[in-house]
Number of protein chains: 2
Amino acid sequence: QPPAYVHELGSLNRQQNTAHVFPPPGCRYVSKAAPQAQVEFDFSGPSMKTAVPGPRSQELTKQLGEIQNVGAINFFCNYEESRGNYLVDVDGNRMLDIYTQISSIPIGYNHPALLKLMSNPNNLSTLVNRPALGILPPENFPDKLTESLLSMSPSGMTRVQTMACGSCSNENAFKAMFIWYRNKERGHNTPSEEDLSSCMVNQAPGCPDLSILSFMGAFHGRTMGCLATTHSKAIHKLDVPSFDWPIAPFPRLQYPLEEFSRENAQEEARCLEEVEDLIVKWRQKGKPVAGIVIEPIQAEGGDNHASPDFFKSLRNIARKHGCAFHVDEVQTGGGATGKMWAHEHWGMDDPADIVSFSKKLLTGGYYHRDELQADKPYRIFNTWMGDPSKNLILAEVLNVIRRENLLEEVTRSGKALLNGLYDLQAQYPGMLSRARGQGTFCAIDICDDATRNSILLKARDKGVLLGGCGDRSIRFRPSLVFKEYHVHIFLNIFNEVLAQHK
Amino acid sequence: QPPAYVHELGSLNRQQNTAHVFPPPGCRYVSKAAPQAQVEFDFSGPSMKTAVPGPRSQELTKQLGEIQNVGAINFFCNYEESRGNYLVDVDGNRMLDIYTQISSIPIGYNHPALLKLMSNPNNLSTLVNRPALGILPPENFPDKLTESLLSMSPSGMTRVQTMACGSCSNENAFKAMFIWYRNKERGHNTPSEEDLSSCMVNQAPGCPDLSILSFMGAFHGRTMGCLATTHSKAIHKLDVPSFDWPIAPFPRLQYPLEEFSRENAQEEARCLEEVEDLIVKWRQKGKPVAGIVIEPIQAEGGDNHASPDFFKSLRNIARKHGCAFHVDEVQTGGGATGKMWAHEHWGMDDPADIVSFSKKLLTGGYYHRDELQADKPYRIFNTWMGDPSKNLILAEVLNVIRRENLLEEVTRSGKALLNGLYDLQAQYPGMLSRARGQGTFCAIDICDDATRNSILLKARDKGVLLGGCGDRSIRFRPSLVFKEYHVHIFLNIFNEVLAQHK
């Protein structure tokens, strides 16, 4: 019996008793799947009616093509009919979604708790009156921040600034580091007349030649400050002016990590040495490194991992050289690694000066240590500074995560997923390699780019939606309601696709 | 009799019959105000219970101070109780809002049409499933764009890209201009191997030394690309690295414009000459100007106007030198000048290559001419690329604007406001000067910074919320439901404040 509010949502109810179409015929993977869905509001399996994109998607793509570049459009979606782990398209195809809007759906589609929340008339005002949060916040703003973002603060941080998206979060985090660094250089926070006049025309000392150190393969966003620290694909950066900022190598580790600990430690030591060299070199160049920015797992750049020791040493190098240490958790944050923040796996009391987030957190923003707060108002500022309607949804998402122990579930499904990938890798050694992951934040490499892309399309035609990353990796980015049951649905279908490619 | 759906919103109803508290005692301005509100869901006048910020606001500011820098917080709001032109604070003060969340509330607080829209269960799915619009748009996305943004396209533009906020809109508009310019330089859109490898490490030719020409006093946002074109206040720019891009003087005109047409034409000619000089100089420096960005009225920088002739000439200079012409309508767009776009007042068929927007449009984004579309997917891209729930609200806002002829109303109220400001300026010649405006997008200068700030606070204590801009201007930014009636409420109170300052 669905809860009462579901009755109001006619369209959601209609497909509730759709017959199972899983397992698909000819399935060869020995699945341990339970015969029914474990997520209350979920479907029982994929169901494909047409090739993807189907005729309706193609028609809409043509229509949208009159308005925008549609080269990246996969297909059009029926979000009303989508549910839990399943994304339904406009041609009636229902796909197990292991990419979740580029890793940005926290607890599946149309979660009943969220539909209920948004149906509550008490929340209407939050939806129609978007405030300028930096000057005129709503009464419940401190409480909502405390309930949502602050209830999951990274270690050592009690302060948080919301922003509209991941890029804005990182841009403002960079600005906070620059401001902090310059005040440190000055020894006080009173700018000179020369600072004030030169900054108005983009010149030093007011606009100083400071830099942010980033890593090859990193992705921190696409606005011009962020883009200067992004080095994952040329298409992101081509033709856009940039800054001469230092770029260190990110460790290229061998997997499984525990089998190559000696080689990996050497590789990490090499990268750390290079980091220190670059900091010294850029200081000598007159462009001191104000901050180091790094992802706990390089995501867009190919799901590149590094060890807790690497991050500990890097944090120490930052401290030694007086640079702020910014951990970008835009993709890794929000629970997919089995902890709320991927950097919790490092086991440090004092892991970062700034932690930025977005995607699964529904609002962008960054946490920071007290010292990193801008010394004056209007330095870190914009009209909206986030959106309270997203904080509202986030607070409820966190309730669901806690109530349903979703982080434990993620750890369990993640193990099943990674073990399944190890099995498949053993079964298809010429095609698969480097299976890796933390929680369900997993990836595997395919022999080459073309095969990878072909596998992604074939999996989609069989009802599994995946994403690529790096040159030839597949990344797994399910929502937090992706259970062992769904892992096995995926593994069966993936095995079938691989068998056809063999 | 309120419409049925208002009954669901208990809190909104409660204050409906609050006794009039207007006009305030001792009022000296001879008001032509009708005795009752002309906006159905409005209050009848301001009502002040405490000084602002009141005790509850102060308590909440202290609470938020543990989490964020609160130096810019004015007070905390009760958005549930706010209505139409009136913002209610947490201490029960009700203020006539002529600043509207930094010019970002299009049709007042809690407009019944928007409450009804957000109560519709058919829209729930849009609120809880935020898509990655660039890859998996919802079925109604092309239709919603057509209904909303495209139904108000600036002249010559049929293409639009949504973004999350004003800064992101301008950052991506700049990128579109850089991409367009480099392809033009190349003569084709196939980057060389050197382009592709050098851009990965932030170096030319892949990351070319291109520039954007901007104007002193401009405000285009606070992310690092935008910030390099922002020159309104030092506090926005101090300590943040920037680009060596050309900055032209913006005309400093004398008002009323029609009385100083000869002097103003000379000033504009001087600035235009400087623009051409800078374009030539930066080309010689090896940092060619890919685009010119300008606001139709410099807002944050002090409500600086220029003539249609100035903008026509500037557009021609851009064309002559092969630069794209980007009109930033983030603050001016959305109807406050009496036209949907301020640049419509220039009377050109072909006014711009790119027009960016945000604030009153509820979603960020930019329109562009066909040639300015990036040639490949994923060049202008991010995870969310806007938010369909904002397009939904915008479509309804446009319905209201059309149904209620709000642009005509704005023109009418704007005339009353500007005439009122002229009168006051004549009455207080030592204190007020340079009254100016288009529609309700008006401003007036106060003799000095300290007096300006004191007047803003005193007006607020009497129930009128205004904003400052530039060094010593007051800017008027009411929503589009600000009627002649409200103009007279404002003028009465403002007159009283000025009289006390005399």
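Each row is one residue, and each column tells you yes or no for (1) out of contact with any strand residue (DSSP E or B) (no Cβ under 7 Å at 6 or more places or on another chain); (2) surrounded by 24 or more Cβ atoms within 10 Å (Cβ to Cβ).
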site: B:ALA173; (1), (2): no, yes
site: B:LYS184; (1), (2): yes, no
site: B:GLU194; (1), (2): yes, no
site: B:SER197; (1), (2): yes, no
site: B:THR230; (1), (2): yes, yes
site: B:ASP239; (1), (2): yes, yes
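Scan region A:48-94 for residues that are within 11 Å of chain B (Cβ to nearest Cβ) and not hydrophobic (A, V, I, L, M, F, W, C) and the total you get is 21. For region A:139-160, a residue qualifies if it is under 18 Å from B:GLY92 (Cα atoms) and crowded, with 23+ Cβ neighbours inside 10 Å, and exactly one does: A:PHE141.
Residues of region B:84-100 that are crowded, with 24+ Cβ neighbours inside 10 Å and not in a loop (DSSP other than H, G, I, E, B): B:GLY84, B:TYR86, B:LEU87, B:ASP89, B:ARG94, B:MET95, B:LEU96, B:ASP97, B:THR100.
Applying a threshold of 8 Å to beta carbon distances and a minimum spacing of six or more residues, or different chains, the list of pairs starting in region B:393-406 at a residue that is on the phi < 0 side of the Ramachandran plot and ending at one that is surrounded by fewer than 16 Cβ atoms within 10 Å (Cβ to Cβ) reads B:LEU398/B:SER151. Is it fair to say B:GLU408 is among the charged types (D, E, K, R) and surrounded by 19 or more Cβ atoms within 10 Å (Cβ to Cβ)? Criteria not met by B:GLU408.
Screening region B:122-233 for helices (runs of 4 or more DSSP H) wholly inside it with 1 or more residues that are within 30 Å of A:PRO191 (Cβ to Cβ), modelled with pLDDT of 95 or more and more than 7 Å from every other protein chain (Cβ to nearest Cβ) returns the ranges B:166-186, B:224-227. Reported count of residues in region A:454-502, each being touching a strand residue (DSSP E or B) at 6+ places or on another chain (Cβ under 8 Å), among the charged types (D, E, K, R) and open to solvent by less than 20 Å² (accessible area, probe 1.4 Å), is 2. Among the residues of region A:328-338, at least one is open to solvent by 10 Å² or more (accessible area, probe 1.4 Å), within 30 Å of B:GLU171 (Cβ to Cβ) and not β-branched (Val, Ile, Thr). Restricting to region B:234-256, name every residue that is in contact (Cβ under 8 Å) with a residue 24 or more places away in the chain and facing chain A (nearest Cβ under 7 Å). Once the filter is applied, which keeps residues that are in contact (Cβ under 8 Å) with a residue 24 or more places away in the chain and facing chain A (nearest Cβ under 7 Å), region B:234-256 yields B:PHE243, B:ASP244, B:TRP245, B:ILE247. Quick check: anything in region B:349-361 under 16 Å from the mean Cα position of the chain (by Cα), assigned to a loop (DSSP other than H, G, I, E, B) and surrounded by fewer than 24 Cβ atoms within 10 Å (Cβ to Cβ)? Scanning region B:349-361, I find no residue that is under 16 Å from the mean Cα position of the chain (by Cα), assigned to a loop (DSSP other than H, G, I, E, B) and surrounded by fewer than 24 Cβ atoms within 10 Å (Cβ to Cβ), so the answer is no. Just one residue in the set A:THR451, A:THR440 is crowded, with 21+ Cβ neighbours inside 10 Å, among the hydroxyl-bearing types (Ser, Thr, Tyr) and closer than 25 Å to A:GLY217 by Cβ; that residue is A:THR440.
Does any residue of region B:418-433 turn out to be crowded, with 17+ Cβ neighbours inside 10 Å, among the charged types (D, E, K, R) and touching a helix residue (DSSP H, G or I) at 6+ places or on another chain (Cβ under 9 Å)? No, the conditions are met nowhere in region B:418-433. Only a single criterion out of (1) open to solvent by 50 Å² or more (accessible area, probe 1.4 Å); (2) among the basic types (Lys, Arg); (3) within 18 Å of A:SER167 (Cβ to Cβ) is not satisfied by A:ARG222, namely (1). For the condition within 24 Å of A:THR230 (Cβ to Cβ), hydroxyl-bearing (Ser, Thr, Tyr) and open to solvent by less than 20 Å² (accessible area, probe 1.4 Å), A:SER389 does not qualify. Among the residues making up region B:115-130, a single one is out of contact with any Leu (no Cβ under 8 Å at 6 or more places or on another chain) and touching a residue at least 60 places away in the same chain (Cβ under 8 Å): B:LYS116.
Of the residues A:GLY322, A:GLY301, A:GLY286, the single one that is of a type outside the set (Lys, Arg) and under 21 Å from the mean Cα position of the chain (by Cα) is A:GLY301.
The residue of region B:95-121 that is farthest from A:TYR99 (Cα to Cα), among those that are at the interface with chain A (Cβ under 9 Å from one of its Cβ atoms) and hydrophobic (A, V, I, L, M, F, W, C), is B:ILE102.
In the set (1) more than 25 Å from the chain's Cα centre (by Cα); (2) open to solvent by less than 10 Å² (accessible area, probe 1.4 Å), the condition left unmet by A:PHE260 is number (2).
Taking region A:325-348 as the search range and keeping residues that are among the small types (Gly, Ala, Ser) and under 12 Å from the mean Cα position of the chain (by Cα), which one is farthest from A:ARG402 (Cα to Cα)? So the residue we want is A:ALA342.
The residues listed here are B:VAL280, B:VAL275; of these, the one that is open to solvent by 10 Å² or more (accessible area, probe 1.4 Å), not in a loop (DSSP other than H, G, I, E, B) and not acidic (Asp, Glu) is B:VAL280. Report whether or not B:VAL330 is modelled with pLDDT of 95 or more, under 30 Å from B:GLU409 (Cα atoms) and within 14 Å of chain A (Cβ to nearest Cβ). Spelling it out, B:VAL330 is indeed modelled with pLDDT of 95 or more, under 30 Å from B:GLU409 (Cα atoms) and within 14 Å of chain A (Cβ to nearest Cβ).
This table checks each residue for (1) of a type outside the set (A, V, I, L, M); (2) within 16 Å of B:VAL128 (Cβ to Cβ).
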{"position": "A:SER82", "(1), (2)": "yes, yes"}
{"position": "A:ASP91", "(1), (2)": "yes, no"}
{"position": "A:TYR99", "(1), (2)": "yes, no"}
{"position": "A:ILE105", "(1), (2)": "no, yes"}
{"position": "A:GLY108", "(1), (2)": "yes, yes"}
{"position": "A:PRO112", "(1), (2)": "yes, yes"}
{"position": "A:LEU115", "(1), (2)": "no, yes"}
{"position": "A:ASN122", "(1), (2)": "yes, no"}
{"position": "A:PRO138", "(1), (2)": "yes, no"}
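The values are calculated or read from the model by the stated rules, or taken from the named source; none is laboratory data. Computed from a predicted structure; not experimentally measured. Glycine also receives a Cβ, built like all others from the backbone with ideal geometry; neighbour counts cover every protein chain displayed. When the accessible area is computed, the model is the full protein with side chains, heavy atoms only, and any ligands, DNA or RNA have been set aside. Shrake-Rupley method; radii C 1.70, N 1.55, O 1.52, S 1.80 Å.
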